[in-house]
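So the structure is just underneath, and the comments pick up after that.
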Amino acid sequence: FQHLDISDRAAIETLKANRFDAVINLAARAGVRQSLEDPWVYVDTNVTGTLNLLEMCRSQGISKFILASTSSIYGKDAPLPTPEDADSNQPLQAYAASKKGAEALCHVYHYLYGLDVTIFRFFTVYGPAPRPDMVMFRFAQWISEGRPVKLNGDGEQTRGFTYLDDIARGVILGLKPLGYEIINLGGHETISINQLLHLFETYIGRQAIIERQPIHPADMLANWADTQKAGRLL
């Protein structure tokens, strides 16, 4: 283990003393709303950081690269369920735009240097030790503590939540040689935010105090993965 910043090229250079068979890049700056406040750090981590790791693969002869990307890349008018070949050229925020940039760099290194690349587009991951800004964590905390639950829009927006273990299993399976592939992981079942809120009320045993807010233009109204490709290739 080394505590490094992947956007620091000199720090990545220090890894050259080691021998790696593959690189799995999960070291992203994530979060839709936060990317509106500081888009620069998203470019630093998600674009420059990915470039630094790709360049390490090229110079060290590491043959396999996995990138964690996002369902946010599909924008607001994606077909549902969404296949991998749906339009991803109209991101709604800097987070998705930075992931699109990282994907494009992956293709460059595959095309020029033959790097075997698997890009996974994750769909709303949840599970133990979440980021505190994620909806699962916030709902549980707010309802348990009797605090207002801040609900954007009418709550009828839907998400294809994906449990952490399923993401991990898919990523490990993606280490096989695949050439260059973009694959959706998870989110093949959907639930509305209102339904999710009701589940939390039921399990916690307290009614939520709902504080409604306008829906944010950076948020997608729905995500729902077409996972046929994952089933076929993995």
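Anything in the stretch 194-226 that is of a type in the set (A, V, I, L, M) and either in contact (Cβ under 8 Å) with a residue 24 or more places away in the chain or farther than 15 Å from T158 by Cα (or both)? List them, or say none. The answer is L196, L197, I204, A208, I209, I210, I215, A218, M220, L221, A222, A225.
Just to be sure I understand, how many residues within the stretch 119-161 are free of Cβ contacts under 8 Å to residues at least 60 places away in the same chain, surrounded by 15 or more Cβ atoms within 10 Å (Cβ to Cβ) and either hydroxyl-bearing (S, T, Y) or on the phi > 0 side of the Ramachandran plot (or both)? Adding up the residues that qualify gives 3.
Inspection of the stretch 107-114 identifies no residue that is within 30 Å of G179 (Cβ to Cβ), in contact with a helix residue (DSSP H, G or I) (Cβ under 6 Å, 6 or more places away or on another chain), aliphatic (A, V, I, L, M) and modelled with pLDDT of 95 or more. Go through (1) assigned to a helix (DSSP H, G or I); (2) within 18 Å of the chain's Cα centre (by Cα) for Y109 and report which single condition fails. So Y109 meets the others, but not (2). Residue-level check: of (1) among the aliphatic types (A, V, I, L, M); (2) modelled with pLDDT under 95; (3) under 23 Å from T124 (Cα atoms), L15 misses just (3). Taking the criterion of being open to solvent by 40 Å² or more (accessible area, probe 1.4 Å) and of a type outside the set (D, E), the residues of the stretch 162-190 that qualify are Y163, L164, A168, R169, I172, L173, L175, K176, P177, Y180, H188, T190.
Within the stretch 141-157, can one find any residue that is aliphatic (A, V, I, L, M), within 18 Å of the chain's Cα centre (by Cα) and modelled with pLDDT under 95?
No, because not a single residue in the stretch 141-157 is aliphatic (A, V, I, L, M), within 18 Å of the chain's Cα centre (by Cα) and modelled with pLDDT under 95.
The values are calculated or read from the model by the stated rules, or taken from the named source; none is laboratory data. Source: prediction; values computed, not measured. Positions of Cβ are generated from backbone atoms using ideal geometry, with glycine treated the same way; all protein chains shown enter the neighbour counts. Each accessible area value is taken on the protein alone, full model and side chains, heavy atoms only, with ligands, DNA and RNA left out. Shrake-Rupley method; radii C 1.70, N 1.55, O 1.52, S 1.80 Å.
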